[in-house]
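The values are calculated or read from the model by the stated rules, or taken from the named source; none is laboratory data. A quick note: this is a predicted structure, and the numbers were derived from the prediction, not measured. Cβ: placed from backbone, ideal geometry, glycine included. Neighbour counts: every protein chain shown. Remember, those area values only see protein heavy atoms, side chains included, never the ligands or the DNA or RNA. Shrake-Rupley method; radii C 1.70, N 1.55, O 1.52, S 1.80 Å.
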2 protein chains.
Amino acid sequence: MLVLITYDVQTTSPDGAKRLRSISKICQNYGQRVQNSVFECLVDPLQFKQMKTQLEAVMNPQTDSLRYYMLGANWKRKVEHVGAKQSYDPEGLLLL
Amino acid sequence: MLVLITYDVQTTSPDGAKRLRSISKICQNYGQRVQNSVFECLVDPLQFKQMKTQLEAVMNPQTDSLRYYMLGANWKRKVEHVGAKQSYDPEGLLLL
């Protein structure tokens with residue numbers, strides 16, 4: 001299933017900048033960056049659970065937020081991209 | 001239907017900062033901000049078309065990107081929020 005992850009991290013402190021890097025790194029382990037704070041991850045339920053556990057251990061729930069959107073298996077029909085950075089296929093191939 | 005909009009706007013120039021404000025303003029006319037560059041919009045197909053036309057007239061396709069995710073009518077089961085800024089209901093009521 002495709003899970004879309006969007007995040008806001010408060011980066012006004014050095015700690016925040018560190019959290020931002022960590023969150024971005026965890027997301028990169030599970031999916032591909034499609035915008036600055038937006039990742040698309042093709043994961044199974046177990047991977048999703050692991051990823052959530054890791055992300056939520058790093059974030060500061062007082063200042064940061066994470067949103068997960070379950071796009072299911074038929075995600076290809078549900079996503080539209082316009083503008084810079086061409087669309088890619090989360091199943092593997094970059095479409096350039 | 002719920003449409004999720006995420007955007008990246010290059011703000012290294014004054015023009016970019018202006019585009020960012022315009023894009024955010026258009027999105028606000030159609031939905032609610034859930035993160036810095038993430039909006040959820042409850043729109044019908046005509047409103048979606050109008051919103052897209054407005055957004056794509058403002059953006060610079062060389063440097064900015066817009067992504068639309070169609071979450072359909074059963075979006076409530078598909079969205080999960082963790083952390084700061086409590087979840088809200090795009091149908092109107094803020095859930096505090």
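Per-structure values
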| read-out | value |
| --- | --- |
| Restricting region A:2-19 to residues that are free of Cβ contacts under 8 Å to residues at least 60 places away in the same chain and polar (S, T, N, Q), the residue that is surrounded by the fewest Cβ atoms within 10 Å (Cβ to Cβ) | A:Thr12 |
| Count of region A:42-76 residues which are hydrophobic (A, V, I, L, M, F, W, C), without any contact (Cβ under 8 Å) to a residue 40 or more places away in the chain and surrounded by fewer than 16 Cβ atoms within 10 Å (Cβ to Cβ) | 2 |
| Filtered residue count, region A:1-19, keeping only those that are of a type outside the set (S, T, N, Q) and outside any helix (DSSP H, G or I) | 8 |
| Boolean, A:Leu71 is within 20 Å of B:Val3 (Cα to Cα) and either in contact with a strand residue (DSSP E or B) (Cβ under 9 Å, 6 or more places away or on another chain) or outside any helix (DSSP H, G or I) (or both) | yes |
| Filtered residue count, region B:74-87, keeping only those that are within 8 Å of chain A (Cβ to nearest Cβ), part of a loop (DSSP other than H, G, I, E, B) and out of contact with any Pro (no Cβ under 9 Å at 6 or more places or on another chain) | 1 |
| Residue within region B:78-90 that is modelled with pLDDT under 95, open to solvent by 70 Å² or more (accessible area, probe 1.4 Å) and out of contact with any Phe, Trp or Tyr (no Cβ under 8 Å at 6 or more places or on another chain) present | yes |
| Among residues of region B:20-41, those that are open to solvent by 10 Å² or more (accessible area, probe 1.4 Å), assigned to a strand (DSSP E or B) and at pLDDT 95 or above, counted | 0 |
